[in-house]
1. Name every residue in the range 153-180 that is of a type outside the set (S, T, N, Q), in a helix (DSSP H, G or I) and open to solvent by less than 10 Å² (accessible area, probe 1.4 Å), in order of residue number.
2. Just one of ASN62, ASN70 is open to solvent by 20 Å² or more (accessible area, probe 1.4 Å) and farther than 29 Å from GLN140 by Cα; which is it?
3. For the range 359-374, does any single residue satisfy the condition of being aromatic (Phe, Trp, Tyr), in contact with a helix residue (DSSP H, G or I) (Cβ under 6 Å, 6 or more places away or on another chain) and within 30 Å of SER284 (Cβ to Cβ)?
4. Looking at ASN112, ASN125, which one is modelled with pLDDT of 95 or more, polar (S, T, N, Q) and surrounded by 14 or more Cβ atoms within 10 Å (Cβ to Cβ)?
5. Restricting to the range 55-113, what's the tally of residues that are of a type in the set (Val, Ile, Thr), farther than 30 Å from LEU461 by Cβ and assigned to a loop (DSSP other than H, G, I, E, B)?
6. Just one of (1) in a loop (DSSP other than H, G, I, E, B); (2) of a type outside the set (D, E, K, R); (3) closer than 30 Å to ALA446 by Cβ; (4) touching a Leu at 6+ places or on another chain (Cβ under 8 Å) trips up PHE133, so point out which.
7. Do we find a residue being closer than 24 Å to MET194 by Cα, modelled with pLDDT of 95 or more, surrounded by fewer than 19 Cβ atoms within 10 Å (Cβ to Cβ) and in contact with a Gly (Cβ under 8 Å, 6 or more places away or on another chain) anywhere in the range 92-107?
8. Just to be sure I understand, how many residues within the range 395-447 are in a helix (DSSP H, G or I), open to solvent by less than 30 Å² (accessible area, probe 1.4 Å), without any contact (Cβ under 8 Å) to a residue 60 or more places away in the chain and closer than 21 Å to PRO203 by Cα?
Amino acid sequence: MRKTMRGVVAGAVLIGTVGATGGAVQAAPAEPRPAARPAAADIKDRILAIPGMSLIEEKPVNGYRFFVLNYTQPVDHARPWKGTFQQRLTILHKDVNRPSVFFTSGYDLYTNPSRSEPTRLVDGNQVSLEYRFFTPSRPQPADWSKLDIKQAADDQHRVFTALKKIYGKKWLATGGSKGGMTATYYERFHPRDMDGVVAYVAPNDVNNREDSAYDRFFRTVSTKECRDKLNAVQREALVRRGPLTDRLKKWAAENKATFRTVGSLDKSYESSVLDFVWAFWQYSDEAECADVPAANSSDEVIYNYIDAKSPFESYTDQGLDPYTPYYYQAGTQLGAPQYTYPHLKGLMKYGPDYFQPRAFVPREINMKWQDGVMKDVDRWVNRNAQRMMYVYGANDPWGAERFRPARGGDNAVYTVPGANHGASISGLPVGERAAATAQILKWADAAPAAVQADPSKAKRLTAYDAALDRTELNREQSLRP
């Protein structure tokens, strides 16, 4: 009976209720249900909603999302109607509520997941951008006059402006070597974009005609014994030019290597030999001085040792081609180191006068030196820099000419004892490492309370990840930052 009555009452609720007069009365309207919240858009969808952004692929990585993308850029930012090109970038996505790090190598793009040191320190997202004119991010046809530091800085600015709407927290710019130069130039032209800059081993060739700092470096680095051993091997490689170039000729035939850009196998050989001592200090640790062969070693030993430190492949057409954009910039705006070789007197056929960026760029590409470009950047960094950090290696020849940011302004310059071109904050003495880390965490608004109270407690916010944190130095060519 109770069950029946419940059924009747339930039915009455659906069709109405009986009023006091027995007439049918319309049921009171039910309370409206709250509207369902739209599901948060997937981060990939948000990124691809940016006009001009397209997906190449997504790759799996623990703890992140990793996207390889194309972004449509103007060939000329001052005249965007003149054409566009596709520029590659990657996004290592952690969380939109974490800071973001804008990384560039200044060269082509590494398309596997990796974390730069600042990204590891702040536990952030990372955006990595391929530098314009490195393939495949090259306009077609290629108007090389549009390859300059201002256009590249504008590339970064457009990417940042588009992504800032998604990644709204603090941003840092970083890069090593030419990437550190790129981060500096970006800050010079767009100083309001980033909340801090961390530039590693970034050379600063203010006056391309005055490079005596490099001569001083090679006269004083390490010990006289090590310097003499390296110079003796380099000298011996030119003394034995005949038999050693025969070896190179055999290798070139086997590997179909050609020498059209440099002009001849002999010029290519001399270029690699002149590179040798620089290459040793750029990539080797001082402990490797013990492994330098004696000058009276066999032809095979001398050839193989030079090749291991300064690969003969570097100055073939095949070795040069991927780096044409760098040599073009070195010969038009950036400058390139020129130093003397007193121990090679009488042995060089072509020498420093030949050993210039113009020699390594195909002749059909026009080049014209633009004096004053680096002076402008240097002057701006000296006078206007704020929140800029530079990290150099004490044994790295590229640090002989370096940036010196304005005093104050939250700027800093660190030198890692004994370090080469792979210098990092992690290699600094304990006190300096903590100070640099605390500064970066502060810029990123990511410093824990304990670090805010005591900067000496600063340390990276992520655990080491062998897959993401591996750093590899490119040994293709040494006179390329």
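The values are calculated or read from the model by the stated rules, or taken from the named source; none is laboratory data. On a predicted model such as this, the values are computed, not experimentally measured, just so you know. Please note: Cβ atoms are built from the backbone with ideal geometry, for glycine as well, and neighbour counts cover all protein chains shown. Surface areas here come from the heavy atoms of the whole protein model, side chains and all, with no ligands, DNA or RNA. Shrake-Rupley method; radii C 1.70, N 1.55, O 1.52, S 1.80 Å.
1. Within the range 153-180, ALA153, ASP155, VAL159, LEU163, LYS178, GLY179, GLY180 qualify.
2. ASN62
3. Within the range 359-374, one or more residues are aromatic (Phe, Trp, Tyr), in contact with a helix residue (DSSP H, G or I) (Cβ under 6 Å, 6 or more places away or on another chain) and within 30 Å of SER284 (Cβ to Cβ).
4. Every option except ASN125 fails the conditions.
5. Total satisfying the criteria: 1.
6. Among (1) in a loop (DSSP other than H, G, I, E, B); (2) of a type outside the set (D, E, K, R); (3) closer than 30 Å to ALA446 by Cβ; (4) touching a Leu at 6+ places or on another chain (Cβ under 8 Å), the lone unmet condition for PHE133 is (3).
7. yes
8. Count: 1.
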